[in-house]
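Student: Take this structure first; my questions come after.
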């Protein structure tokens, strides 16, 4: 979607619906991870609390960029800055998720359970409302804690 948004840089009309598809996709992905992945990390993965906290912080930064995209229009400086910020956050978050979080959880629960978790992920994601409505309210400093 970022490549399309970049290639359509001269057409505000085409970039508006695409930017909202991006918001829908990332908001649903984020909300699903917050409901499913991070609690699993926190509860069963050694060091998972720190991993979940880091991922949660990254999602908060992405959420701010998504809000800025939704509140502005293509071609406006806040919109363009938010796209750059969002891309930077994703470029940092995706490798962390793919190379650390998911392998750590897989090591604990195994590949078969990860596949089951993947099916559950899709069911949750597909049942969420569109846009930022799928995300919880902005939390200034979300953190998981040990009791």
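Student: Going residue by residue through the range 53-74, is there one that turns out to be under 20 Å from residue 120 (Cβ atoms), surrounded by fewer than 20 Cβ atoms within 10 Å (Cβ to Cβ) and more than 11 Å from the chain's Cα centre (by Cα)?
Tutor: No, because not a single residue in the range 53-74 is under 20 Å from residue 120 (Cβ atoms), surrounded by fewer than 20 Cβ atoms within 10 Å (Cβ to Cβ) and more than 11 Å from the chain's Cα centre (by Cα).
Student: State which residue pairs qualify: first residue within 12 Å of residue 80 (Cα to Cα) and inside the range 1-29, second residue assigned to a helix (DSSP H, G or I) and modelled with pLDDT under 80 in any location, beta carbons under 8 Å apart, and separation of 6 or more residues or different chains.
Tutor: What qualifies is 15/5; 19/5.
Student: OK, next. Taking interchain pairs and intrachain pairs at least six residues apart, which have beta carbon atoms under 6 angstrom, with the first residue in the range 72-98 and on the phi > 0 side of the Ramachandran plot and the second in a helix (DSSP H, G or I)?
Tutor: 75/12
The values are calculated or read from the model by the stated rules, or taken from the named source; none is laboratory data. Note that the structure is a prediction, hence the values are computed from the model and not measured. Virtual Cβ from ideal backbone geometry, glycine too; neighbours counted across all protein chains shown.
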